[in-house]
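Undergrad: Dropping a structure here in structure tokens format, bear with me for questions.
The values are calculated or read from the model by the stated rules, or taken from the named source; none is laboratory data. Here the structure is a predicted model, which is why all the values come from computation and not from measurement. Positions of Cβ are backbone-derived with ideal geometry, glycine not excepted, and every protein chain shown enters the neighbour counts. The accessibility values were calculated without ligands, DNA or RNA, using every heavy atom of the protein model including side chains. Shrake-Rupley method; radii C 1.70, N 1.55, O 1.52, S 1.80 Å.
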Amino acid sequence: MRVPATLIAELRKALRVAVLTGAGISAESGLATFRDKLSGLWEKYSPMQFATPAAFAADPELVWGWYEWRRMRASAAEPNAGHQALAKLQQRLAVSVVTQNVDDLHERAGATQVIHLHGSIHAPRCEDCSRPHAATAPPLEPEAGRRVAPPRCASCGGRVRPGVVWFGEALPAEQWQQAEDAVRQCQVFLSIGTSGVVEPAASLARYARRRGAVTAQINTEDTGLGAAFDHDLRGSASELLPALLAAL
């Protein structure tokens, strides 16, 4: 699919652009999404079962082991052409990247001003005192998975937890405010690789449109929300974002 000329024209005159990215852009770098089937030790579990405070309290070794496996996979992944195009777009326009992803691939592609709504898998913290815990080098975990005991906080001795936002937890207030500010000030809003159903991040597209921004969705699948956007582009971020960049 070609990038519409009308969208390119809006980008050229935009003073500010806000971009929301989801799991789809990281999937192009080989990282599994929460919809993908697991294998090995994790096969009998849904990823949703690992992503709650209750799951960590019930079986911390299982949950920490899964997140260490995910951290290994994220560390081994490489930013794809979509990540790289967004980083280059920031060099051309005032672009704020708001992401639901926890893998830091945007930063590794060279992006700045990245707002992490769901935290980072590379930034664990103490579940008691919330102090950051210095992550070790990328782990070497078996693909079949294993249980791993979480480390203890050097300050209070509390158990260290993954530095991500779990289901049932509030988004970090500072990052959410930054995301709302970016959307409020933008003239163009791009939603990339996200299903558009996880709240409150999904509300950002509606907020942008209410504020009068031109909105566009880029996704390989039909999210069922195409009518809510001015432009509904079907295709991969690694193909469409470089094409968008080249057309500017």
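Undergrad: Using only Cα atoms, what is the ratio of the radius of gyration of the chain to 2.2 N^0.38 Å?
TA: 1.04
Undergrad: Okay, moving on. In whole angstrom, and with the biggest value first, how far do the Cα coordinates of the stretch 18-57 range along each principal axis?
TA: Projected onto the principal axes, the Cα atoms of the stretch 18-57 cover 36, 23, 11 Å.
Undergrad: Order 118, 106, most accessible first, counting only protein heavy atoms with a 1.4 angstrom probe.
TA: The ranking, largest first, comes out as 118, 106.
Undergrad: Please report how far the C-alpha centroid of the stretch 141-158 lies from that of the stretch 163-214, rounded to the nearest whole angstrom.
TA: 32
Undergrad: Something else: Go ahead and set up a Gaussian network model of the chain, Cα springs under 10 Å, then flag whichever of 198, 17, 148 fluctuates most.
TA: Looking only at 198, 17, 148, the largest GNM fluctuation is found for 198.
Undergrad: Could I ask something else about it? For the stretch 165-239, what does the alpha-carbon gyration tensor say about shape, rounded, prolate or oblate, given a ≥ b ≥ c as the root eigenvalues, a/c under 1.5 as rounded, and a/b over b/c as prolate?
TA: oblate
Undergrad: Rank 67, 207 by accessible area, highest first, at a 1.4 Å probe radius?
TA: 207, 67
Undergrad: Right, next: Express the Stokes-Einstein translational diffusion coefficient of the stretch 52-184 in µm² s⁻¹, to the nearest whole number, given a Kirkwood radius over alpha-carbon pairs, 37 °C and a viscosity of 0.692 mPa s.
TA: Translational D for this selection: 205 µm²/s.
Undergrad: First select every other residue whose beta carbon is under 14 angstrom from the beta carbon of residue 34; then total the charges, Lys and Arg +1, Asp and Glu -1.
TA: Within the 14 Å Cβ shell, the charges total +2.
Undergrad: So what's the back-of-envelope 222 nm ellipticity for the chain, counting only DSSP H runs of four-plus at -39500 (n - 2.57) apiece and dividing by all residues, rounded to 500?
TA: Dividing the helical sum by the residues of the chain leaves -10000 deg cm²/dmol.
Undergrad: Along its three principal axes, how long is the stretch 107-161 when you only count alpha carbons? Whole Å, largest extent first please.
TA: That works out to 34, 32, 18 Å along the principal axes.
Undergrad: Follow-up. Could you give me the ³J(HN,Hα) list for the stretch 21-27, computed from phi with Karplus coefficients 6.51, -1.76, 1.60 and θ = phi - 60°, whole Hz, x at Gly and Pro?
TA: 10, x, 4, x, 6, 6, 4
Undergrad: While we're here: If you fit an axis through the alpha-carbon atoms of helix 60-76 and take the longest principal axis of the Cα set of the chain, what angle between them do you get, 0 to 90°, nearest 10?
TA: It is inclined by approximately 50 degrees.
Undergrad: Next question. Cβ under 14 Å from residue 21's Cβ, residue 21 left aside: what net charge do those residues give with Lys, Arg +1 and Asp, Glu -1?
TA: It works out to a net charge of -3.
Undergrad: Using alpha-carbon positions, what is the distance between the centroids of the stretch 1-64 and the stretch 97-130, in Å?
TA: Centre-to-centre distance over Cα atoms comes out at 12 Å.
Undergrad: Then there's this: Calculate, in whole percent, how much of the Cα-Cα pair population of the stretch 131-183 lies beyond 17 Å.
TA: Summing the P(r) of the stretch 131-183 above 17 Å gives 60 percent of all pairs.
Undergrad: Pairs of Cα atoms under 8 Å, at least six residues apart: use those to get the relative contact order of the stretch 190-248, whole percent.
TA: Once divided by the residue count of the stretch 190-248, the mean separation gives 32 percent.
Undergrad: How large is the charge dipole for the chain, taken about the Cα centre, if only the Cβ atoms of Lys, Arg (+1) and Asp, Glu (-1) carry charge, to the nearest 20 debye?
TA: Result for the chain is approximately 460 debye, rounded to the nearest 20.
Undergrad: When the convex hull of the Cα atoms of the stretch 87-136 is projected onto a plane and the area is averaged over all directions, what value comes out in nm²?
TA: Averaged projected area of the stretch 87-136's Cα convex hull equals 4.0 nm².
Undergrad: Still on this structure: Per residue, what volume in Å³ does the Cα convex hull of the stretch 121-248 take up?
TA: Per residue, the Cα convex hull of the stretch 121-248 comes to 178 Å³.
Undergrad: Report in % the part of the accessible area of the stretch 163-245 that belongs to carbon and sulfur, leaving out ligands and nucleic acids; probe 1.4 Å.
TA: 49
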